[in-house]
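These notes are about the structure you will find just below.
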Amino acid sequence: MLNIKNFNLIQAFLRFPVASILAILATSLLMYSLDKPHPSSHIISLILTAIIGAVSNIAWSISHYSYNWSQTKLWIGRFIILLSLVIFYLTCLPESYEVHTTALFRLPIWYGCILIFLHLLIAYIPFISQGGEEDFWEYNKDVLLTLVEAAFYAFSLFLGLSIALVSLDKLFGIEIDSLAYPRLFIFLIGTFQTLYFLSNFPTVTYDNTIKKPIKAFLIFSQYILIPLVLLYMIILYAYAGKIGFRWELPKGWVSQLSLWFSVVGIFAYLLNYFNYKFSDNRLTTFFKKYFFPILLLPIALIFVAIYRRVSEYGVTELRYIVSLLGVWLLCVSVYFIISKKRSLKVIPMSLSVFSLLPILLGPFNIFNSTLSSQQKNLRKQLIDKKLLVDKELKSFPDTISADNSISIDSIKHFSREINNKIKFLDKRSDLSFINNWINNEVPLIKEKDPTVLTDALHRYHNTELLKERLNLFKTKRDNIYNNRVRYFRWSYDNKKAVKIDNNKFFVPFNSSKTNSESQNRLIFNPTEQSIFYYNGNKKLAEINLNNYLKSLSKHSTTKINYSDLNMQNPIYQYENEKLSASLIFDYINGSEKEDGQMVIRQIRGWGIIDIK
């Protein structure tokens, strides 16, 4: 049994077996994916599923220990969670993480909402139907201190072991893989910190007693956190006074400062709620009594700032979240101001509900609200500039006379504004709504088109089509004033492969620039000193370059330095049972060690791949 002071590994597995296994699984897969330039979608989906599963099982196990459920109920719940994870893996996650789609864009938002809900659930689930305020505060205080302790040990170990690895590299010449450091960090945070935290997870008690916190907790919460919150308060109130004096609307970023003030302030309120029992600090008593009335002004600033931004530019995901948090802050503040019997549990409970609203409100959720608002905004701009007339999409004029009242700068500004708006919507949809406004439809690629999941399309393919229809490419002075010359520019993404024949491809490679969207890729792996060829997610070849480098070194005229040599033969032939390849090198940079080993730092060129 591994038992280092408070680290009892067996205890973690006994109390939270499924959560521990899933945490180790997620960590292992993440460490494994570091070696892969483009880890498969299955691996990424498994990592995301394992993280959700670990947090869910922690919450379920806490419920079991808090409410004294039977082992049968405990394992039935775990089985249901496992079944839900399988469904989540198969139906909720994107098909590809390499091609930018609407599903991939939305993933961080809804996944983050679920994670926040589950973490908040852990804070209050033992006290939904039992326990007093003292029990709730004591439990969450112990959870926080245990988490901080685990994180401190994990970061301390990372710092110490990293220095040890650097010492081995510099003092003894032992070459340490550059990926060793991120692997170590992931292991310590994902496995060590998690298992340490679970092994010391506090036992829930219902005795309405509070133990005196450690001195560091009291000092931090009373003499550091409260003064910082009051400093933010002074700044915000001074800014509110400036607004009132000048009678002007607040700047947009004031909503972010107000939110930070509110978050840090509520955190300080929770930490100090019972500290008055262990300290005669009057500031703590004052803060507990007047914090929520003080919070009303920053909440008002949030609403005014967000109203200004939304009225001018429409709803975005960030403005939606800020607005929702503003409503939550107002509800919580009013509750703590007017309620005679206040309950701390209201804060995490209500916040957990609000954390799910952005993804559960159907037509009013964060995605649909943003799309609807920005679509209306775009339609209004097109109509105002007479680019959408009688269900027909017009284009910018090719020429504008010198005496025209519209300035060149205003045309350029509006052109950029429309371009940015279209790109904004292209990230979140397939722009097919445009065709609902017009009779002369634009041949847009739909989201469900199979080519969307390949590298056959430009990232902003639909944007480019719409820009062409609107003539948004003409923004230069020559184009505006002079119609005698028409300029053109064709280009191809030089990071993408070119299909020569059914099974033959021309593939560029560059160790400094990796293209994750291409289905056919040549990727340089510095650890193996090899070039890997991927067709989709399948690795078909691992081309080691040691022999080729040795043949190049034979042409050096000096053993001291041969940094500027011309390659006598820039072509390297390779063949295996799956393909034949001709690599044409344009540039190779590296060094040769005393033992004769050649190490490539940078390499670029092209490959002609013929798949058998």
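The table for this structure:
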read-out: Nearest-10 value in Å² for the accessible area of residue 469, using the 1.4 Å probe; value: 70
read-out: Apportionment of accessible area to carbon and sulfur, region 1-147, percent (1.4 Å); value: 71
read-out: Under 22 Å from residue 141, Cα to Cα: lysines that are on another chain or at least 8 residues apart; value: 5, 211, 212, 215, 277, 288, 289, 341, 345
read-out: Percent of Cα-Cα distances greater than 25 Å, calculated over region 185-311; value: 46
read-out: log₁₀ of I(q)/I(0) at q = 0.17, 0.27 Å⁻¹ - region 121-179, Debye sum with one point per alpha carbon; value: -0.67, -1.02
read-out: For region 164-251: rounded, prolate or oblate by the Cα gyration tensor [a/c cutoff 1.5]; value: oblate
read-out: Cα gyration tensor shape of region 236-383, rounded if a/c is under 1.5, else prolate or oblate by comparing a/b with b/c; value: oblate
read-out: Candidates per GluC sites (Glu not before Pro) in region 52-136, loop by DSSP, up to 15 other Cβ within 10 Å; value: 95
read-out: Where region 173-244 is the region considered: accessible area per residue in Å², 1.4 Å probe; value: 52
read-out: Å³ per residue enclosed by the Cα convex hull of region 64-176; value: 200
read-out: Long-range amide H partners of residue 541 with built H, under 5 Å; value: 533
read-out: Cleavage-rule hits (GluC sites (Glu not before Pro)) in region 561-612: DSSP loop, at most 16 neighbouring Cβ within 10 angstrom; value: 577, 594
read-out: Point-to-point label distance, residue 105-residue 183, nm (Cα→Cβ direction, 7 Å offset); value: 3.8
read-out: Filter on 423/448; 394/495; 495/550; 504/550; 499/550 - keep pairs with C-alpha separation over 26 Å; value: 394/495; 495/550; 504/550; 499/550
read-out: Accessible surface of residue 264 - all protein chains present, 1.4 Å probe, nearest 10 Å²; value: 30
read-out: Spacing of the two label points (7 Å from each Cα toward its C-beta) at residue 576 and residue 203, in nm; value: 5.6
read-out: Calculated from backbone phi, Karplus (6.51, -1.76, 1.60) coupling profile of region 595-601 in Hz, x at Gly/Pro; value: 7, x, 6, 8, 10, 8, 9
read-out: Nearest-0.05 FRET efficiency for residue 566 and residue 356, computed from C-beta distance (R0 45 Å); value: 0.10
read-out: Descending semi-axes in Å of region 1-145, equivalent ellipsoid built from Cα gyration tensor; value: 30, 19, 15
read-out: HN-Hα J in Hz across region 603-612 - Karplus 6.51, -1.76, 1.60, θ = phi - 60°, x for Gly and Pro; value: 7, 8, x, 9, x, 9, 9, 10, 7, 7
read-out: Formal net charge of residues neighbouring residue 270 (Cβ-Cβ distance under 13 Å; K, R +1; D, E -1); value: +2
read-out: Rough spin-label spacing in nm, given labels placed 7 Å along Cα→Cβ, for residue 87 and residue 506; value: 5.1
read-out: Coarse-grained scattering of the chain at q = 0.08, 0.10 Å⁻¹, given as base-10 log I(q)/I(0) from a Debye sum over alpha-carbon atoms; value: -0.86, -1.20
read-out: Carbon and sulfur %, accessible surface of region 572-612 computed with the full protein complex present, 1.4 Å; value: 43
read-out: Derived scalar couplings ³J(HN,Hα) [region 118-135; Karplus, 6.51 cos²θ - 1.76 cosθ + 1.60; whole Hz; x for Gly, Pro]; value: 5, 5, 5, 4, 4, 6, 10, 4, x, 10, 5, 10, 7, x, x, 4, 5, 5
read-out: For residue 520, residues with placed amide H under 5 Å, excluding near neighbours; value: 497, 536
read-out: Mean Cα-pair separation over length for the chain, i.e. relative contact order, pairs under 8 Å, 6 or more apart, %; value: 11
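The values are calculated or read from the model by the stated rules, or taken from the named source; none is laboratory data. Note that the structure is predicted; figures quoted are calculated from it, not measured. Because the Cβ atoms are built from the backbone with ideal geometry, glycine has one as well, and the counts that use them run over all protein chains shown. Accessible surface areas use protein heavy atoms only, side chains included; no ligands, DNA or RNA. Shrake-Rupley method; radii C 1.70, N 1.55, O 1.52, S 1.80 Å.
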